[in-house]
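First up is the structure itself, then whatever we jot down about it.
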Amino acid sequence: MVRSAYARREIEDPSLAAALEAGDTARAMAMLVEQHGDAVYAYCRRMLGDRAETDDVAQTVFVQAFQGLARVSRADQPRAWLLAIARHRCLDRLKAARRSPVTVTHDDGCAVAVAGALGDVADDDPRVRVALDDCLDQLDARTRAILVLRFHDELSYDEISALTADTAGALRVRVARALPVIRRCLESKGVRP
């Protein structure tokens, strides 16, 4: 199974640990934003697809992180902690959007699983990252979220099913239909998955 750059084991940052130990939450928060702000934004962007929604959710992630910082005494895996907050806030936003009636065209019915096939390449090459985000923007929010959960977060279909209203079988079908669409989109942008 391909592991994304976000899922790699982190090494505790001694300066972050020192700030937390000293109770300097302002300094610790600034360090978290500096070191992990781009990763949180990129994750939210892939989950949500909309820049305005992404801006709102990314800000919410750091507000919630700041509120929880007083309870954190160590910096074991700050990126994983922030991305877990981001996942939950993105899922909350997607659930709220699902309750609102939205008109979706037939062309919007596909998604983004090639992120897993690209693995670390998408995280290392900015051209691939931009192409992948462009292809993800063409998908409906539900499919995009399922693909990010499956290939970026590496959740099983059963785990995704517990987070969504879909059965594991329906999720497999949605992913199987989306993969060729994403592959063609990436190839049209000169990216070979």
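When you restrict to C-alpha pairs under 8 Å that are six or more residues apart and normalise by the size of region 10-102, the relative contact order lands at 39 percent. Restricting the calculation to Cα atoms, region 10-102 shows an Rg/Rh of 1.03 when the hydrodynamic-style radius is the Kirkwood one.
No value in this document is a laboratory result; all are computed from the given coordinates. No experiment lies behind these values; they were computed from the predicted model shown.
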